4 protein chains.
Amino acid sequence: MSDITLAQAQSAVAAALQKSKEIGVKMNIAIVDAGANLKAFARMENAWLGSIDIAQKKARTARYFDMNTGDIGNLSQPGGSLYNIEHSNGGLITFPGGVPIKDASGTIIGAIGVSGDSVENDHAVASAGAAAVS
Amino acid sequence: MSDITLAQAQSAVAAALQKSKEIGVKMNIAIVDAGANLKAFARMENAWLGSIDIAQKKARTARYFDMNTGDIGNLSQPGGSLYNIEHSNGGLITFPGGVPIKDASGTIIGAIGVSGDSVENDHAVASAGAAAVS
Amino acid sequence: MSDITLAQAQSAVAAALQKSKEIGVKMNIAIVDAGANLKAFARMENAWLGSIDIAQKKARTARYFDMNTGDIGNLSQPGGSLYNIEHSNGGLITFPGGVPIKDASGTIIGAIGVSGDSVENDHAVASAGAAAVS
Amino acid sequence: MSDITLAQAQSAVAAALQKSKEIGVKMNIAIVDAGANLKAFARMENAWLGSIDIAQKKARTARYFDMNTGDIGNLSQPGGSLYNIEHSNGGLITFPGGVPIKDASGTIIGAIGVSGDSVENDHAVASAGAAAVS
């Protein structure tokens, strides 16, 4: 299994922190490896305490299903094909902010989850972090 | 980080109890500190037992995201940007009754959660408690 | 069922706080009612965060079995008749600091749990709180 | 309440990683803030997966009681005054590897937990991390 290294995880965190500062938001940033286990984490000063858990759940959710968390959320609404999938795995988060991390060859080697602001900003910061690796 | 004192927490509880008696309701009242840890609690005679947990979850939720719990609930409905956020953090409560507590300078130093009656009354009592500190 | 009132619970908390100040310790103090449900709580400035849960578990444990928590701990040691009873009820605490609260007639109407210093001081403060009611 | 900054937390992680490399061990390293909430985390390549949770629990335990986790373990043995305290707070870890983090004035502003090798090495790495801040 190709797996993210700590150096790659830390570069994703650094890129996400940089992006957060550029757009003026306070974020929690979590990186999981190919096995969906926590690899790196950082919380900015005064970032929401409730987002510690959400950032980690977004990262795990993105790797659990190898897609952006927001894509799962589109399917988990009432009447949707994955309605209430959030009850599985000890709690999933299916709104935007979780993004798979790929290596240069396109293989998924982990995921990043970001929480602390609007879901649009969470997704933008997560994407910046993931891009720093691939 | 500025943090609520026990004296401030107890004055918030006292103000909430006073408000509860004025409007004739039986409440559970929880105060958490800046770190979202329980600081003070009081349950009135014959107040709902199920509200012991809800009052504490409301207080934590309000501090976790530094906003009134009802504001989060507006975003966590089906189709909303934070749909099913309640699955995070071991269970959030996102209907009204949780209110951040600010000091005189406007800094958030904790939160109050109230549960035991209609969400409108829960919110009114929580607001009275928070106002006693700021 | 005879049950502790909020006024009685608050007087037990006040007596426990007074005792804590006299002996110079920083405590978490929890009161449960006859149904072993949380009735009142207070945490002094800079009291151990890990004692929030322990104080509540001591109070519940004392009411669950209508005896001082330390008495249960004597029976839960390796080879004892209640070995590892701490695994039940979502986690019990069986070292000193939990004391049943009786009314003037000797009926148990709740319990107090105190945590934040040595088990001897925890027990002394809990006893002072319980004595304020009976 | 004085609180650890992200920069301080990251310098503690960096010092702990450096120490780990010096002694040739693979570690999980967790930092919590003054409120015992996760602030930073890093897992080295091939470090034990089971230590992700243990490192975090060690950090929280050290801040919960403002002492090294091993000191608590000395009191939680059979016959000890804190026997089975590990059942509280959703699970404590009371063997060495958790160390409070102090600022230059000696105030506790968070804690570090390290897990991945012998408890002696875990403690040595945690101490190196904490020393980088104070």
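Every number in this text was worked out from the coordinates using simple rules, so none of it is lab data. In this text, all values refer to a predicted model and were calculated from it rather than measured experimentally. Neighbour counts are summed over all protein chains in view; Cβ atoms, including those assigned to glycine, are modelled from backbone coordinates with ideal geometry.
The label-point distance for D:Asp66 and D:Val119, in a model that sets each label 7 Å from Cα toward Cβ, rounds to 2.4 nm.
Label points for B:Gly80 are taken 7 Å from Cα along Cα→Cβ. From this copy to the others they lie 1.5, 4.6, 4.8 nm apart, shortest first.
Per residue of peptide D:121-130, the mean number of Cβ atoms on other chains within 10 Å of the residue Cβ is 0.
In debye, nearest 20: dipole of the stretch A:6-131 around its Cα centre with unit charges on the Cβ of K, R (+) and D, E (-)? Spell out each step's value before the answer.
Working: 10 positive and 11 negative charges, 43 e Å.
Approximately 200 debye in magnitude.
Note on D:Thr5/C:Asn74: beta-carbon distance plugged into 1/(1 + (r/R0)^6) with R0 of 45 Å gives a FRET efficiency of 0.45.
Determine the relative contact order of the stretch C:30-112: mean sequence separation of Cα pairs under 8 Å and six or more apart, normalised by residue count, in whole percent. Could you put the intermediate results ahead of the total?
Working: 149 pairs, mean separation 29.0, N = 83.
This gives 35 percent for the stretch C:30-112.
Any idea what the dipole of the protein assembly as shown comes to, in debye rounded to 20, about its Cα centre with Lys/Arg Cβ at +1 and Asp/Glu Cβ at -1?
Numbers: 40 positive and 48 negative charges, 32 e Å.
In total the dipole reaches around 160 debye.
When the listed pairs A:Lys21/B:Lys57; B:Lys57/C:Lys58; A:Lys57/C:Lys58; A:Lys26/C:Lys57 are checked against a 25 Å cut-off, the alpha-carbon distance exceeds it for A:Lys21/B:Lys57; A:Lys57/C:Lys58; A:Lys26/C:Lys57.
Grab the beta carbon distance between A:Ser105 and A:Lys21, set R0 = 35 Å, and tell me the FRET efficiency rounded to 0.05.
With a Förster radius of 35 Å, E is 0.70.
Packing, taken as the mean count of other beta carbons within 10 Å per residue, orders the peptides C:25-33, B:72-80 from highest to lowest as C:25-33, B:72-80.
For the stretch C:1-23 versus the stretch D:1-73, the spacing of their alpha-carbon centroids is 38 Å.
The alpha-carbon of C:Lys39 sits under 14 angstrom from the alpha-carbons of these aspartates and glutamates, leaving out residues fewer than 8 places away in its chain: B:Glu45, B:Asp53, C:Asp3. Annotation: the residues B:Thr94, A:Thr94, C:Thr5, sorted from fewest to most other C-beta atoms within 10 Å of their own C-beta, follow the order C:Thr5, B:Thr94, A:Thr94.
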